[in-house]
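A quick write-up on the structure given underneath.
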Amino acid sequence: MYRVGVSMDIVNELRQRLGETAVLGPEALGERIAGIWRTNEVLSGAALARPDSTEGVSAVLSFCHQHGLSVVTQGGLTGLVHGADTNPSCVILSLERMNRIEAVDANQRCAQVQAGVTLQALQEAVEPMGLMFPLDLGARGSATVGGNAATNAGGNRVIRYGMMRDMVLGVEAVLADGTVINSLNALIKNNAGYDLKQLFVGTEGTLGVITRLSLRLRESSVSRNMAFVACQTFEQVKGLLRHMDRHLGGALSAFECLWQNYYQLVTSPPALSRPPLSQDYSYYLLLEAQGADAESDGCRFNAALEQAFESGLLADAAVAQSEADCAAFWGIRDDVHQIFNGGYPFVFDVSLPIDRMEQYINDVKVALADTPALHCFTFGHLGDGNLHLAVQVPSECANTSRQIVEACVYEPLAEFKGSVSAEHGIGLEKKPWLTISRSPEEIALMRTMKAALDPRGILNPGKVFD
């Protein structure tokens, strides 16, 4: 077994398997950032391997398994829970060179891609064919589909199209010992035995490395209608969700909610956006519907809004009149970087029953009153039960207040079986809080699966659970 510190032996061994330029030594890692949210930190590892094929991935894992070397797989480094953090003794397995879209079948409406393809690249590749890959999130330009699958990404349109899990038809994955599992499948319905892809979707690279995927595509929408609306009470918010979903006949693709203070933050200087509605309301909803007939869909969307107003479900509305308006509306919702102004933000993504949201947020704010918290900004994908909280503290308190702030946010979820992670994963950051959302029996079963597929514990060790 290799000893920690014999880094060049590892580099040379991997270069023999992959080629001279496919492996970087520790000295070259200082030129690479640790993640798009951690640009002031650089990667640390014994070696960084960049295979360009499944066979190369298999060779890396076989070598690491034989010598008991830890492996951390990385995609676009857009994660928010430190799920791809490394250390000086690990081998970093980057899929950046596995970035080919291998096939698109317009009739079957599926694509076969390598795991290093970025989400945006796939979206743009299928668009000229009249198809769409509906997963969408702010980091689309750098997030990879392999990483999206490994973390079961959610994003903006889960209410209509589901999570990444719902778009994965099949995967090819490499186990810890280098064994290749080809479970690529282009069929929507396939009940032939265990659904093996689920071993790798959402498990954060702890059970195997996804190398290729078969992904479900959809027909492109012809129309898009959007509105920003304002509500004074949370009862109106809940009623509006049901009303719009019912009257749009399944076309509702996004139902985003912004609490007042977040709306004010992203529509006031130094933010570039200006408020399409007065900043005096309690809640703001970003509504989007996608359809097949621009004229009739627009009439249906406007009629639903008018009926909602007449029924007392909303107080005001601004309706997009162009694609530029739609982009501007999404720009308001997605201007998350504003939470860094004025303090250090702890960012959370939780899910819980919609009926519990108003009281939950109130309880969190009451609990935070005894902490250094300056603000608790709330927004998120309310239509699918997912809220994001950004708790801002003075920068000098960032290191000392994390645990107490996390307790204020996570502990109330236990009462109604909420999730500490709606879409970002567990990684290192949420590992201490996993028991809020998972029972001892569930965690024991997870450990059994990990021991069976990765008996030497080399795959992303220490993530999710110890």
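Each value in this text was obtained by applying a stated rule to the coordinates, not by laboratory testing. For clarity, every value in this text was computed on a predicted model and none was experimentally measured. So basically every Cβ, Gly included, is an ideal-geometry build from the backbone, and we count neighbours across all protein chains shown.
For the stretch 288-332, the residues whose amide N sits under 16 Å from a probe point set 7 Å from the Cα of Thr233 along the beta carbon direction are 309-316.
Where only DSSP H runs of four or more residues are counted, the chain gives -9000 deg cm²/dmol as its mean residue ellipticity at 222 nm, each run worth -39500 (n - 2.57). Estimate the FRET efficiency between Asp166 and Ala106 by the formula 1/(1 + (r/R0)^6), using the beta-carbon distance for r and 22 Å for R0, to the nearest 0.05. That pair, Asp166 with Ala106, gives E of 0.65.
In the chain, the longest principal axis of the Cα atoms and the axis of helix 7-18 are about 80 degrees apart.
Between the helical axis of 323-333 and the longest alpha-carbon principal axis of the chain there is an angle of about 70 degrees.
Protection proxy ranking, highest mean first, for peptides 140-148, 382-390: 140-148, 382-390, where packing is the per-residue count of other beta-carbon atoms within 10 Å, averaged.
The stretch 50-119 and the stretch 132-187 have Cα centres lying 12 Å from one another. Placing pseudo-labels 7 Å out from each Cα toward the beta carbon at Val366 and Ala452 gives an inter-label distance of 4.5 nm. Contour minus end-to-end for Leu272 and Arg246, with contour as 0.36 nm per residue of separation and end-to-end as the Cα-Cα distance? So the chain would gain 5.9 nm between Leu272 and Arg246.
Please report the net charge: other residues with Cβ closer than 12 Å to the Cβ of Ser58, K and R +1, D and E -1. Once all neighbours under 12 Å are counted, the net charge is -2. The shape of the stretch 223-336 comes out oblate: with a ≥ b ≥ c from the C-alpha gyration tensor, a/c is at least 1.5 while a/b does not beat b/c. Expressed as a whole percent, the proportion of Cα-Cα pairs in the stretch 101-219 lying more than 16 Å apart is 56%. Averaged over residues, the count of other Cβ atoms within 10 Å places the peptides 47-54, 299-306 in the sequence 47-54, 299-306, highest first.
Dividing the radius of gyration of the alpha carbons in the chain by their Kirkwood radius gives 0.98 for Rg/Rh.
Size of the stretch 7-94: Rg and Dmax of its alpha carbons, in Å, are 12.3, 34. The C-alpha atoms of the chain define a longest principal axis, and helix 54-67 lies at about 60 degrees to it. For the stretch 193-260 versus the stretch 361-384, the spacing of their alpha-carbon centroids is 23 Å. Peptide packing for 114-120, 24-30 was compared via the average number of neighbouring C-beta atoms within 10 Å per residue; ordered from the highest value, the list is 114-120, 24-30. The count of lysine pairs in the chain whose Cα atoms are under 18 Å apart, excluding pairs fewer than 8 places apart on the same chain, comes to 8. For Asn40, the shell of other residues with beta-carbons less than 15 Å away shows a net charge of -1, using +1 for Lys and Arg and -1 for Asp and Glu.
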